[in-house]
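*Asks:* Just dropping this structure here.
The values are calculated or read from the model by the stated rules, or taken from the named source; none is laboratory data. Bear in mind the structure is a predicted one, so any value in this text is a computation, not a measurement. Cβ: placed from backbone, ideal geometry, glycine included. Neighbour counts: every protein chain shown. The protein model used for the area step is the full one, side chains on, heavy atoms only, and it has no ligands, DNA or RNA in it. Shrake-Rupley method; radii C 1.70, N 1.55, O 1.52, S 1.80 Å.
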Amino acid sequence: MTVKALFEPFRLGNLELPTRVVMAPMTRSFSPGGVPGAQVVEYYRRRAAAGVGLIVTEGTTVGHKAANGYPHVPRFYGEDALAGWKEVVDAVHAEGGKIVPQLWHVGNVRKAGTEPDASVPGFGPSEKVKEGTVVVHGMTKQDIDEVIAAFAQAARDAKAIGMDGVEIHGAHGYLVDQFFWEGSNKRTDEYGGDLAQRSRFAIELIQAVRAAVGPDFPIIFRFSQWKQQDYTARLVQTAEELGAFLKPLADAGVDIFHCSTRRFWEPEFEGSDLNLAGWTRQLTGKPTITVGSVGLDGEFLQFMVNTDKVAEPASLEKLLERLNKQEFDLVAVGRALLVDPDWAVKVRDGRESDILPFSREALKTLV
Ligand SMILES: Cc1cc2nc3c(=O)[nH]c(=O)nc-3n(C[C@H](O)[C@H](O)[C@H](O)COP(=O)(O)O)c2cc1C
């Protein structure tokens, strides 16, 4: 088996990646006060130095009071946090790597009591009241405009500090996805209705980001069928519906789709082997990133996002076959790279037996 295809450069406009290996965004919660420090700089630098062509940072919150949902998540606003990210960018570039921040708003999963302002509840497409208390504030038109402006500002700041693009987090049941999903979007105004209408928020957001950064700055859009609230949820049932869903997003300014699945080898629709990234590439003509259990086996596969039974083990050979057929362009790796910063070079050099095995301890440190 030749792994060469993973280590070919990739080019899209001004974006030139040294390899096809992408580090998947992974929340690590090692940024007290929302500021990424020296440890975070070193964490990303090590991966850039070891064969990762593009780093998508952990989710980093845009400058809106309800964007954050968890402790110690880095901000992407404020001078202190942006100065920290600038250090990360410079370190990654010094190693010849590229990096984009994943811009995040958690929406209705935020709980009151969370930093930075404990009094702010979750903000979502639709209000939620529990025992007489508003636990999720249903967003007004003004809230929508403010959140969109926060994403646009974050993208502008990303460009200003030298990031190589941005990734908009439109997946996994967070704010952008909450608008897509009928389970969480019950609105009766122009942001609710059928999937095309529920996509309006994302479309306006992408358009605003595009206007903020100009025509040449890469915008990656991450989406998923699954939600952290429901792994079996599906936004679309057929390839035709997928095409209809993605086209307006592409037209709004997306350059690359990051198609979040839990297992890369699973066909998305009956009657074809193509996975979600394969279909997305075919339907939109845009480059795509695949993801899901690359380089994992055994206990690792069962961990976190893969809690149910796995019918078939992940195989690098199968991934390479798909990559060689140009089913997708780039391959994101999450957990394998979290545990072993040198995963990519070990694969490149045929040193699989040196790859660090799964360890829950790895999650507790930033190596
Ligand atoms: C610890 C951890 C944190 C994660 N945080 C994020 C995140 O901030 N944003 C996101 O889009 N996905 C996040 N994910 C999902 C990963 O990006 C990736 O899609 C998932 O882990 C599947 O890839 P893998 O099988 O290679 O790990 C996270 C996954 C893990 C394990």
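*Asks:* Return a yes/no flag: does the range 182-195 have any residue that is within 20 Å of the chain's Cα centre (by Cα) and hydrophobic (A, V, I, L, M, F, W, C).
*Replies:* no
*Asks:* For residues that are within 12 Å of the ligand (Cβ to nearest atom) and among the aliphatic types (A, V, I, L, M), scanning just the range 21-54, find the one that is nearest to Trp104 (Cα to Cα).
*Replies:* Among them, the one singled out is Met26.
*Asks:* Quick check on the range 131-148. Is at least one of its residues touching a residue at least 60 places away in the same chain (Cβ under 8 Å), assigned to a loop (DSSP other than H, G, I, E, B) and of a type in the set (D, E, K, R)?
*Replies:* No, because not a single residue in the range 131-148 is touching a residue at least 60 places away in the same chain (Cβ under 8 Å), assigned to a loop (DSSP other than H, G, I, E, B) and of a type in the set (D, E, K, R).
*Asks:* Next question, about the same structure. Among the listed residues Arg45, Arg11, which satisfies the condition of being within 24 Å of Ile256 (Cα to Cα), open to solvent by 50 Å² or more (accessible area, probe 1.4 Å) and without any contact (Cβ under 8 Å) to a residue 24 or more places away in the chain?
*Replies:* Arg11
*Asks:* Which is over 25 Å from Ser184 (Cβ atoms), surrounded by fewer than 23 Cβ atoms within 10 Å (Cβ to Cβ) and either under 19 Å from the mean Cα position of the chain (by Cα) or within 13 Å of the ligand (Cβ to nearest atom) (or both), of His93, His72?
*Replies:* His72 is the lone residue from the list that is over 25 Å from Ser184 (Cβ atoms), surrounded by fewer than 23 Cβ atoms within 10 Å (Cβ to Cβ) and either under 19 Å from the mean Cα position of the chain (by Cα) or within 13 Å of the ligand (Cβ to nearest atom) (or both).
*Asks:* Now for a different question. Residues in the range 50-68 that are open to solvent by 10 Å² or more (accessible area, probe 1.4 Å) and either touching a residue at least 60 places away in the same chain (Cβ under 8 Å) or not in a loop (DSSP other than H, G, I, E, B) (or both): how many?
*Replies:* 3
*Asks:* Can I ask one more? Looking at the range 276-295 only, could you name the residues that are more than 16 Å from the ligand (Cβ to nearest atom) and outside any loop (DSSP other than H, G, I, E, B)?
*Replies:* Passing the criteria: Gly278, Trp279, Arg281, Gln282, Leu283, Thr284.
*Asks:* Of everything in the range 257-275, what is more than 16 Å from the ligand (Cβ to nearest atom) and aromatic (Phe, Trp, Tyr)? Give them in sequence order.
*Replies:* Selection gives Phe269 alone.
*Asks:* Counting only residues that are surrounded by fewer than 23 Cβ atoms within 10 Å (Cβ to Cβ) and either at positive phi or in contact with a strand residue (DSSP E or B) (Cβ under 6 Å, 6 or more places away or on another chain) (or both), how many does the range 270-280 have?
*Replies:* So the answer is 1.
*Asks:* Considering only residues of the range 177-234 that are touching a Pro at 6+ places or on another chain (Cβ under 8 Å) and assigned to a loop (DSSP other than H, G, I, E, B), which is farthest from Lys141 (Cα to Cα)?
*Replies:* Ser184
*Asks:* Those residues that are touching a Lys or Arg at 6+ places or on another chain (Cβ under 9 Å) and of a type outside the set (Gly, Ala, Ser), I need them from the range 222-234; list them, please.
*Replies:* Gln225, Trp226, Tyr231 - these are the residues of the range 222-234 that are touching a Lys or Arg at 6+ places or on another chain (Cβ under 9 Å) and of a type outside the set (Gly, Ala, Ser).
*Asks:* Now for a different question. Quick check on this structure: which one of Thr27, Thr19 is of a type outside the set (D, E, K, R) and surrounded by fewer than 18 Cβ atoms within 10 Å (Cβ to Cβ)?
*Replies:* Thr27
*Asks:* If you scan the range 177-204, which residues turn out to be open to solvent by 50 Å² or more (accessible area, probe 1.4 Å) and within 26 Å of Asp157 (Cα to Cα)?
*Replies:* Hit for the range 177-204 is Arg200, nothing else.
*Asks:* In the range 32-77, what residues are in contact with a Gly (Cβ under 7 Å, 6 or more places away or on another chain) and of a type in the set (Ser, Thr, Tyr)?
*Replies:* Within the range 32-77, just Tyr77 meets the criteria.
*Asks:* Between a residue in the range 242-269 that is more than 11 Å from Arg222 (Cα to Cα) and open to solvent by less than 20 Å² (accessible area, probe 1.4 Å) and any residue that is among the polar types (S, T, N, Q) and at pLDDT 95 or above, which pairs come within a Cβ distance under 6 Å, given they are 6 or more apart or on different chains?
*Replies:* Correct list of pairs: Leu246/Thr284; Ala250/Thr284; Ala252/Gln207; Phe264/Asn275; Phe264/Thr290.
*Asks:* Within the range 164-176, which residues are assigned to a loop (DSSP other than H, G, I, E, B) and open to solvent by less than 10 Å² (accessible area, probe 1.4 Å)?
*Replies:* Those that are assigned to a loop (DSSP other than H, G, I, E, B) and open to solvent by less than 10 Å² (accessible area, probe 1.4 Å): Gly165, Gly170, Ala171, Gly173.
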